[in-house]
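First up is the structure itself, then whatever we jot down about it.
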Amino acid sequence: MDVVSYRVPVGIEGLSTDEARQRLRTDGPNDIVATAGRSRWKRWLGPFADPMVALLLVAAPTYFLIGETTDAIVVFVALIPIAGVGWVLEARSERTLEKLRQLIAPTAMVLRDGDLATVATRDLVVGDVVALHEGDIVPADGTLLDLTQFLVDESTLTGESLPASKSVRGASDEQCTWAGTTVLAGRALALITATGPRTRYGEIGTLVAGVRSPATPLQRALGRLVKLLSVVAAVVCAAVVTAELVRGRGLGEAIIAGVSLAIAAIPEEFSVVYALYLALGAWELARDDALVRRLPGVETLGSTTVICTDKTGTLTQGHLAVSSLASVDGDTLLLDDAVLACEPDPYDPLDRAIVEYARCAGTDVDTLHSGALVADWPFDPNDKYITHVWRLADGSYRVVAKGSIEGVARHAGGALGAAAQAAHDRFAEQGMRVIAVAAGPSVGPSGDRAEDESNLEYAGLVAFSDPVREGVAEALEQCRTAGIRVIMITGDHPATAHAVAEGLRLPHEGQDGDHIATGDDLDAASDAEFDALAATVNVFARTRPEHKHRLVVALRRQGEVVAMTGDGTNDAPALRAADIGVAMGKRGTEVAREAATIVLLDDNFATIVTAVRNGRRIYDNLARAFGYLVAFHAPLLITALVVPLVGKPLLLLPIQLILLELLLHPVVSLVFQADAADPDVMTRDPLPASSGLGWKALWRPYAVGIVLALGILGLYLGALSRGWTTEQARGLGFATLLGSQAFLVIVERSPHMPVWRAGLRPTRELIGALVVIVAVTIASVYLAPFARLLQMAPFPVGGWIAALVVSVVSTLWSEPLK
């Protein structure tokens with residue numbers, strides 16, 4: 001704003017520079033929330049708390065001490081991909097808070113020492129008088145002192161889609177401005193009453209800072225599994241190391257035996273496969289206009305049970321449009337008068353909606369505005385209307401007015417007629433915003449407003465609404481078919497929420513009619529009553545950001561897997577607290593996008609349905625991959641435990657386990673990722689959280705793995721008893737272990753149907769995995785440098801036949817039980 005363009009009324013004084021400086025020292029800067037992040041050292045050392053990293057850090061120097069330099073180098077190299085995963089995730093919360101700070105304008109026009117001056121927004125203090133005009137972002141909370149036709153967009157803070165008209169003598173909210181909102185029209189002077197974290201906007205920043213992104217269902221299940229097996233591994237490893245020392249083996253060999261068992265016991269390869277699946281799933285979702293910002297959200301989509309969605313800009317288009325007219329002398333004349341009541345180059349959302357609708361209806365807007373606006377009476381804050389006097393292109397004059405029903409009626413002959421009142425009531429029941437239009441002939445501007453308005457007569461009503469997005473109703477229906485509950489949470493009036501819910505066929509009826517809860521209902525509810533509302537109500541109106549956050553927390557406490565969609569700054573805390581936050585990419589604020597797990601690039605709620613479908617397919621395939629890993633993990637653990645206890649040389653060394661778990665397992669597991677979705681993927685209820693790692697899903701893979709372990713042990717111990725060298729016997733056992741993978745993959749691709757009924761269903765990934773299995777199996781025995789690294793040697797041909805028989809029988813025996 002040009003400093004000289006705002007004339008400060010007499011009696012309004014700001015602070016002196018000295019006063020402002022003193023208050024800044026006392027209250028602190030106008031920052032959203034103080035920066036507080038983990039130290040650099042903590043971020044770097046965090047990944048080394050991983051049990052697998054700790055074991056490899058033990059194994060590597062041990063290999064050096066016993067002279068196995070090559071093995072030590074390989075183990076050190078394996079640390080890189082394992083430790084690197086956690087380092088990229090630490091700055092996410094700080095980035096969200098930085099976006100909150102950057103959203104408000106960097107400078108503001110402030111009255112200091114009696115003059116308007118440009119000041120950095122972070123230097124604003126309570127008591128400052130700030131000048132605001134069209135396009136400004138309000139830098140702090142304040143009370144309005146003076147204004148001219150002041151209109152503010154508060155949707156990013158309150159969720160209310162309609163612009164807020166302000167008045168110095170209106171209700172308390174009408175007299176206030178809030179940090180982070182945008183001035184749409186007019187100008188004002190405001191007295192700053194709160195800055196930084198004490199503003200409404202700052203409270204959101206504080207909420208975001210305090211919310212930790214929740215672990216996903218599979219992450220929680222994997223954590224439990226790793227903790228359990230880590231305790232078991234610690235106990236058993238101590239026993240194995242003790243047994244090796246009692247038998248007279250060296251300390252180095254005893255430690256290697258214990259580390260081998262620990263590596264076999266801790267399922268760190270689950271994390272590698274998990275990360276691979278999520279990365280590939282994120283790539284597929286991006287092709288469907290869903291950008292994944294936090295990879296675990298991919299699998300959470302598959303088990304989502306509740307979607308909490310913001311209304312404005314998510315279910316609706318997020319802007320006002322003319323929905324209906326109620327005219328006295330025909331819609332054409334009403335539209336002509338409504339256009340004349342708008343500014344010639346409109347910025348106000350209502351004016352723009354009227355002009356756009358009129359153009360579509362065939363009104364020649366350019367001809368109407370080709371005349372001259374000879375009198376532009378400003379917005380009357382008491383009756384809430386404006387008046388224009390036009391000299392039309394034909395030389396005649398016309399006076400037009402638009403604004404509140406009561407105000408226009410008062411200046412256009414008195415109360416509305418019965419028909420007009422009925423139309424107004426009908427529009428209001430549908431949640432529309434309604435304005436009245438009055439018009440009449442004029443003799444030209446007189447310089448007196450009352451005189452210019454003397455010929456006004458009621459012309460009709462114009463009703464506005466925020467239109468529902470195309471395809472949203474169908475998307476909600478698909479969500480219901482898939483067993484997903486949809487909850488609408490909005491800052492709008494209950495009537496508006498009801499109208500949108502009706503249009504989308506979103507269930508919201510109770511025993512006594514509409515069951516719509518408001519923010520006041522939530523404030524008055526006890527904890528138990530709040531939980532009951534969260535469990536039963538599908539539409540919430542007049543909510544504030546903390547309500548959305550509390551609802552998400554309450555639903556998650558009840559065992560729901562919650563997705564929260566939104567696009568405004570006010571949605572950020574709830575987006576962070578939800579199992580999966582979904583932000584709109586086009587309309588959404590940077591704060592919402594940074595806080596979200598997934599961003600919809602096309603702002604289309606229907607894209608969520610596609611994302612859920614892909615999420616369920618990814619979840620199903622990931623569960624099958626875990627089944628395969630469990631079946632293959634059992635032989636690793638059992639052989640690593642039994643062989644040292646019976647006093648035989650180790651079958652599986654750490655370097656072999658690293659090869660299996662960091663290279664071969666992920667490659668083979670990609671076979672499952674490429675499988676198509678099941679036919680019933682969107683007609684069944686969501687899978688229970690972490691069901692893919694439950695006993696019901698994994699008992700059969702465990703049983704297959706145990707039988708396979710017994711077969712491998714029999715071959716290995718039998719080969720040693722027949723006089724084979726340790727390297728030959730190890731080669732036989734390792735070849736059997738590798739060869740069985742081909743059959744395990746085929747078996748686990750169809751967990752509920754026998755192979756002979758499901759078929760092989762060949763894919764490029766399956767063929768590629770089989771080629772890798774065969775190549776690695778042969779190379780590990782016959783490629784001399786590789787065999788020496790793995791400490792194996794070629795064995796007689798009869799051993800290959802035995803390995804094939806054990807692999808087939810050990811993996812296919814359970815098929816008739818499916």
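The values are calculated or read from the model by the stated rules, or taken from the named source; none is laboratory data. Bear in mind that the values here come from a model prediction, so they are computed numbers and not experimental data. Every residue, glycine as well, gets a Cβ built from its backbone with ideal geometry; the counts of neighbours run over all protein chains shown. Just so you know, the surface numbers come from the protein's heavy atoms only, side chains and all, with ligands and any DNA or RNA stripped out. Shrake-Rupley method; radii C 1.70, N 1.55, O 1.52, S 1.80 Å.
Worth a mention:
- Under the Karplus curve 6.51 cos²θ - 1.76 cosθ + 1.60, θ = phi - 60°, whole-Hz ³J(HN,Hα) for the stretch 608-614, x wherever Gly or Pro sits: 4, 4, 4, 5, 5, 4, 5
- Tyr357 sits with roughly 80 Å² accessible to a 1.4 Å probe, with DNA, RNA and ligands left out of the calculation.
- Spin-label pair Val755/Ala239, simplified geometry with 7 Å Cα→Cβ offset, distance in nm: 3.4
- Spin-label pair Arg426-Asp383: with each label point 7 Å from Cα along the Cα-Cβ axis, the two points sit 2.7 nm from one another.
- Ranking by accessible area, most exposed first, for Trp756, Trp800, Trp724 with a 1.4 Å probe: Trp756, Trp800, Trp724
- Gained length - Trp699 relative to Leu333, 0.36 nm times residue gap less alpha-carbon distance: 124.2 nm
- Converting phi to 3J(HN,Hα) with the Karplus coefficients 6.51, -1.76 and 1.60 and the offset θ = phi - 60°, the stretch 365-378 yields 4, 5, 5, 4, 8, 6, x, 10, 7, 8, 8, 10, 6, x Hz in sequence order, with x at every glycine or proline.
- Amide hydrogen neighbours beyond the local backbone of Ala290, cut-off 5 Å, H modeled: Leu601
- Inter-label distance for Ser721 and Ala775, nm, one decimal - labels placed 7 Å from Cα along Cα-to-Cβ: 3.8
- Surface accessible to a 1.4 Å probe, per residue, for the residues of the stretch 332-485, Å²: 44
- Long-range HN-HN contacts of Ser324 with modeled amide H, under 5 Å: Ala463
- Cα gyration tensor, the stretch 716-756 - rounded (a/c under 1.5), prolate or oblate: prolate
- Table column - 3J(HN,Hα) (Hz), the stretch 305-320, Karplus curve with 6.51, -1.76, 1.60, x for Gly and Pro: 10, 9, 10, 9, 10, 5, 7, 5, x, 10, 7, 10, 6, x, 8, 7
- Each of Asp680, Asp348 has its accessible area taken with a 1.4 Å probe; listed largest first, they run Asp680, Asp348.
- Length added when fully stretched, Val231-Ala784, from 0.36 nm per residue minus Cα-Cα: 195.3 nm
- Pairwise FRET efficiency - Leu601 versus Leu280, Cβ, R0 = 22 Å, nearest 0.05: 0.75
- For Met564, the residues whose modelled amide H falls within less than 5 Å of its own, excluding neighbours fewer than 5 places apart on the same chain, are Cys308, Ile580, Gly581, Val582.
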